[in-house]
Amino acid sequence: MVGSLDESVSKRVLEMFQEQSRAPAGLMVWIGQGDEAVVVHSNTQAVHQLGVLRVELTDPPLHWSQLPSGLGRYLQAGISACLNDPQTALPVFEVLEPVKSAFSVKLFRREPDGHEGVWFYFVFNEVTAWLSLQEEVMNTRRLESIGSLASGVAHDFNNLLMVIRGHAEFLTAQVAHDESMAFSIDQIKKACQSGAGLTQSLLGFARKQSLVMQSMNVGQLIAELVELCRRSYGSRYQIDADLVFNAPPGARVCHPDLVINGCAAALGHCVLNILNNARDSMPDGGRIQIRFFQVNETVQVSVIDDGVGIDPAGLKHIFEPFYTTKSKGAGTGLGLSLAQSIMKQHAGDIRVESQVGVGTKVTFIWPKLVQEAPQEAPQEEIPPGDMPQPDKTGVQAVQSAYLIDDDEMVLTAVAQLLESNKVKTTCFSSAEQALVAVGSGELPSMMFVDYTMPGTDGITFMRKLYSELRRHSSSPFLKMVLISGHPPEFFDDFLKEFRGAPIYLLQKPFSAEDVTRIIRLPSRRFHRRTTSRVQIGPNS
């Protein structure tokens, strides 16, 4: 007997719950008048899956305090909800120890006529695998949404960066005598490059764009990031970095053993994100250490902080998309997930060690790049006819260019860079306008065409132009420059169509040096035949 509980009545009630009692895990709770709720029966599955003690009707009942952590509160809340609304649906119940499990729960209620008290029967069905799959599907959809969003805004975002970078490049020459102003402009250009790297990282994370890999020195990259962070974090934070191996104190040389094959923009974003995490974990200030190691054929970089640390439960989830240990609104939960994705694309790894109250250590691991002996690249000879020739007075001929972009601010910024290189520039806000001009006037020496435009895009424009030029010349070569935020390999198939033709790519946001280099690259001027006229227009 439990209070005024009749054992025979309990057996009859349990028989009523016979179908439910054969469920994977079941608990029967009785509430008498004036008495607290107690567990009067638990089946074998409940013992194994929920960690409760085995209770038969003949045994002393279990009180809430005798149940595993969190289970008593859950049962009590479920009973209260059922008393208020018998049709209520109970939330999923989670068990964290020793293995994380999740259960969907159904609650049944019985009140035998003529007997005191109310009986409740909880049925626990394990749904761990189903919920994990559901969460994975949801995360996949959310990542697809992020990829679509990033892909959609990448063009507009790169255009904004191009405008900022273009005007910063123009101002560089104007303030060369002012060191303070020159430094600020240099920081603006670096911020633009970092913004472009963020876009590339997001697109790479969502597999909307591959990363641009090249030989790079990790030490050089991190040296630049450390300098940026020291200026922006303030005096409360101390950043100690070993940027070289076996170098004398104060050396600023980045050792060649730190060379890897990587995407500087994406890796810079990853490391900066970890440095910012280290700063955020020490709101009152502290010390951030950056240590370099060589282990076998790998280069390893560790970022160590003295912050609040992460508990073991949190460590299990830190690489999951949208999981964050920061307060609401302080983090997206994508930083480490993005970093892990990017490191995998580098055939590397990222590892995290942390202890609450001690700090966190994040280690990046890359395969070391084995460098071959450098070979001098053959000097490409540019035929005299490919370069602007002096006129009879000895003055170098002025080059001309058509610049086509639907963004007015981009047109202004890029035109400014071309004009500063003494290139006479005519701007068009659409490919259709440029096609009309090509059909009615003289061809320029160069054409700069944006890839993404409404109506006729850059590639379609180039195809139309070259198709018409081939009809009128055996060598219809005209220097064409495709401007885009996409990496070069995105256009591999297109470039194969025009193998041997002087078609070049400029990736936004580009620098003044990039424009100068493109202008100096070889081209062959197309001479219109006097007996024919290029007939080309928007509908060609």
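Each reported figure results from applying straightforward, stated rules to the coordinates on display, with no laboratory input. All values derive from a computational prediction rather than experimental measurement. Here the Cβ positions follow ideal geometry from the backbone for every residue, glycine too, while neighbour counts run over all protein chains shown.
Site pair PHE293 and ARG230 shows an inter-label distance of 2.5 nm when each label is modelled 7 Å from Cα along Cα→Cβ.
As a calculated quantity, the FRET efficiency between ASP280 and ASP113 at R0 = 60 Å, using C-beta atoms, amounts to about 0.45. State which entries of LYS100/LYS361; LYS479/LYS508; LYS316/LYS361; LYS424/LYS479 exceed 24 angstrom in Cα-Cα distance in the structure shown. With Cα atoms farther than 24 Å apart: LYS100/LYS361. Compared with the direct C-alpha span, the chain from MET213 to LEU83 gains 40.5 nm at full extension, assuming 0.36 nm per residue. Taking every Cα-Cα distance in region 65-122 and sorting them into 10 Å bins starting at zero, the pair-distance distribution P(r) comes out as 20, 47, 26, 7, 1 percent.
Other residues within the sphere of radius under 15 Å centred on the Cβ of GLN193, judged by their own Cβ, net out at -2 (K and R +1, D and E -1). Which FRET efficiency value, to the nearest 0.05, do you get for ASP492 and THR516 by plugging their Cβ-Cβ distance into 1/(1 + (r/R0)^6) with R0 = 30 Å? Efficiency for this residue pair is about 0.75. Take the Cα of ASN125, step 7 Å toward its Cβ, do the same at ALA173, and the gap between the two points is 7.4 nm. Between SER184 and THR426, the modelled label-to-label distance comes to 3.9 nm, taking each label 7 Å out from Cα in the direction of the beta carbon.
Residues within the reach of a label modelled at HIS48 (point 7 angstrom out along Cα to beta-carbon, backbone nitrogen below 14 Å), restricted to region 61-104: there are none.
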